[in-house]
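The values are calculated or read from the model by the stated rules, or taken from the named source; none is laboratory data. Just so it is clear, the model here is predicted, and its values are computed rather than measured. Note: ideal-geometry Cβ built from the backbone for every residue, glycine included; neighbour counts use all protein chains shown. Accessible surface is based on the protein model in full, side chains and every heavy atom, while ligands, DNA and RNA are left aside. Shrake-Rupley method; radii C 1.70, N 1.55, O 1.52, S 1.80 Å.
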Amino acid sequence: MNSRDIFRYSFQSIERSAGRTSLMLLAMAIGVAAVILLTGLGEAARRYVTNEFVSLGTNLVIVMPGKSETAGGAINASFTGSTRALTIEDAIATTRHANVVGVAPLVVGAATVQYSGLEREVPVYGATKDMLSIRKWRMAEGQFLSESDWTLATSICVIGSTVSEELFANSSPIGQWLRVGESRFRVIGVIGNTGTSMGVSTDEVVIVPVASAMTLFNTDSLFRLLVEANSRESIDSVRLFVSNTIKARHHGEEDVTVITQDAVLATFDDIFNVLTFAVAGIAAISLAVAGVLIMNVMLVAVSQRTAEVGLLKAVGAAPRQILAFFVAEAALLSLFGSLIGLGVGLAGSWIASRYFPSIDMRPPAWAVFAGVLVAIATGIAFGIIPAQRAAKLNPVEALAKAK
Amino acid sequence: MSQIELRNVQRIFSVGGEEVHALRDIDLKIGNGEYISLMGPSGSGKSTLLNLLGLLDRPSSGNYLLDGRDTTTLNDVEQAQARGGKIGFVFQSFHLVSRLTARENVELPLMLSGIPIAQRKSRVADLLAEMGLADRLDHRPDQLSGGQRQRVAIARATVTEPELILADEPTGNLDSKSGGEVIDILERLNANGKTLIVVTHDLDVGDRAHRKLKMVDGLLAKDLRSNAA
């Protein structure tokens, strides 16, 4: 008897007992679909967070004014409590390093912008030329802030595409004068749609030179200072340089917080790896449940088909052949069940991605392969016990049971 | 050499801790092409004897020689091969696989012994045509009458060209007309040289055999040969 005959016989059994077959296919399909959807969800969460950070720019050293530390205690008490400003001069000082390819001081505020009677409340960024490359923004029209003296408060601005559409409708905003707060700025460019980054869409913002923003919001401190290193390897040396430079300029006091994006990303990566494995574990349990269900249904199938087994033995089937029939049947059921589950899982993640475009639920390839392979292996493994039971049946008793 | 030779065969079942002697010291020789009926009251051991002869069961002691070979030394696989090649079973309740068509049911023994599918198809079609079932090839058992089912079962029992046909109450579930047809077919097989052993309660059926064995309490009580053959 060749394997084609074995599979033909098993396939006929599957094909011609619809109730039992659909139950087992359902169990397997749910197991595999669960693996694909759950790991897809875990992966989507990881990708979402990673993207949020990468869209900030790569190889970044981020400086924030103020130091988080525990205040109090006898010795340190006199040094805490006041935060020194992070100034434009500090920012300029950090550009003087071979591995620094870009420095972007940032001031953030909100203001009312006005053009020919239309008003809109928008976030306003004070920035410099390097912000464009560091944040990977693209220009839709005109140009971005050019290289100039950072301490000069010039009256030019770059606007987001939504601001442009709302205030200027279909006409070009380039060269027009826009009122921002109490001052007037000439529009020199429009930023293209770059999606959302850390919750703020660039479509909504107005960007002015950093010194202009400090005047506008009457502040002497930057909100953030972004320093870009030329490579991942030089991040540490740049961080040290930035930290030391600002410390020296602040009379030896470490009153700023310097973090690297790398470290933050690595932490999140760790967290999401654990999360993905936890999700895979849950999925594995659902596969095991599917396997147990297959075993139970196969056991019922064997006892329902006792007479058939007896007959097969009477017409010359060896125990191994009976075993082969039932294992092949379990294998076919798991195969078809996993393929259905694969279809359902992929369709599910596709539909989810359609309705929630910001969440990319594509499952990782390893999860798809592992899910299907483990499902088939589970089905076969759990099919072996019932098959052995069938193979060991006493033919005389099996035949007697039929009546 | 006899086709079948039983020497001091015993079969003991233990039922609820008690030993039941289903067969006691059976000595029996059966030659090629004999037509034998095996009769006796319920529990006399005739089915047990038939199962032993069909290699579905093993004697508790004694020897069973089939074609001169001691079957008690065969392992499971060799027993299965012997069942598939040398022995054809016909059962009272037909034992057709309900989801398979007549053709597929008859194909089963050929499939198990590894005959290629093309050969199977033609042999099965010819055989079912001989049984008067040429237009029933693709019918399932539940679409066939009792007599038709038993003819499918006989086709299945003979498709591997066995030398020994064992029939356990072959007419037990049939009306007298289809029962008569089934006996006719079995006798035709015997006329072509196959050994035929029929277990039956039906005296008319039993009387047609050339050699009549009667069992009582696990013993062979009578062994009558008629000269009708």
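Annotations for the structure displayed:
- P(r) histogram, all alpha-carbon pairs of segment B:111-229 included - 10 Å bins from 0, percent: 11, 40, 32, 13, 3
- Averaging Cα coordinates gives a centre for segment A:349-366 and one for segment B:43-78; these two points are 65 Å apart.
- Buried area at the B-A interface (accessible, heavy atoms, 1.4 Å probe, summed, Å²): 2300
- Accessible area (Å², per residue) of segment A:96-231, counting only protein heavy atoms and a probe of 1.4 Å: 45
- Whole-Å distance, taken between Cα centres, linking segment B:147-204 and segment A:149-196: 100
- Carbon plus sulfur fraction of accessible area for the protein assembly as shown, probe 1.4 Å, in percent: 55
- Scaling the Cα radius of gyration of chain B by the globular reference 2.2 N^0.38 Å produces a ratio of 1.01.
- Acute angle (nearest 10 degrees) that the helix A:365-392 long axis makes with the longest principal axis of chain A, alpha-carbon atoms: 20
- DSSP beta bridges fully contained in the protein assembly as shown are about 70 percent antiparallel.
- Sparsely packed loop sites in segment A:213-245 (the trypsin sites (Lys or Arg not before Pro) outside DSSP H, G, I, E and B with at most 13 other Cβ atoms within 10 Å) comprise A:ARG232.
- Solvent-accessible area of B:ASP142 with every protein chain in place, 1.4 Å probe, in Å² to the nearest 10: 120
- Overall size of segment A:324-384 from C-alpha positions, given as principal axis extents largest first: 48, 17, 12 Å.
- Mean separation of Cα contacts under 8 Å, 6 or more apart, over the residue count of segment A:96-231: relative contact order %: 38
- The Stokes-Einstein estimate for segment A:158-231, based on a Kirkwood radius over Cα pairs and taken at 25 °C with 0.890 mPa s viscosity, is a diffusion coefficient of 177 µm²/s.
- Phi angles of segment A:104-115 translate, via the Karplus equation with coefficients 6.51, -1.76, 1.60 and θ = phi - 60°, into HN-Hα couplings of 10, x, 9, 10, 10, x, 10, 8, 8, 10, 9, 8 Hz per residue; Gly and Pro are given as x.
- Heavy-atom accessible area, 1.4 Å probe, ligands and nucleic acids excluded: residues of segment B:55-69 down by at least 20 Å² from chain alone: B:LEU56
- Principal semi-axes in Å for segment B:24-81 [√(5λ), Cα gyration tensor, largest first]: 20, 15, 11
- With semi-axes defined as the square roots of five times the eigenvalues of the C-alpha gyration tensor, the equivalent ellipsoid of segment B:166-229 measures 20, 16, 10 Å, largest first.
- Candidate lysines - alpha carbon under 16 Å from A:LYS247, same-chain residues fewer than 8 apart omitted: A:LYS67
- Helix-only [θ]222 nm of the protein assembly as shown, DSSP H runs n ≥ 4, -39500 (n - 2.57) each, per residue, nearest 500: -15500 deg cm²/dmol
- The Rg/Rh ratio of the protein assembly as shown, with Rg taken over Cα atoms and Rh as the Kirkwood radius over Cα pairs, comes to 1.36.
- Structure note, pairs A:LYS401/B:LYS194; B:LYS177/B:LYS214; B:LYS46/B:LYS212; A:LYS392/B:LYS46: Cα-Cα distances above 19 angstrom occur for A:LYS401/B:LYS194; B:LYS177/B:LYS214; A:LYS392/B:LYS46.
- Between 0 and 90 degrees, the angle of helix A:235-249 with respect to the longest Cα principal axis of chain A falls at about 30 degrees.
- Cα-based helix-to-principal-axis angle, B:146-158 vs chain B, degrees rounded to 10: 70
- Along each principal axis, taking the top coordinate minus the bottom one, the Cα set of segment A:96-231 gives 48, 29, 27 Å in descending order.
- Whole-number percent relative contact order across chain A, with pairs defined as alpha carbons under 8 Å at least 6 apart: 29
- Spatial separation of Cα centroids for segment B:206-224 and segment A:310-338, in angstrom: 40
- Whole-angstrom Cα spans of segment A:198-346 along principal axes, big to small: 98, 35, 24
- Qualifying aspartates and glutamates (Cα of each under 13 Å from Cα of B:LYS222; at least 8 residues distant if same chain): B:ASP27
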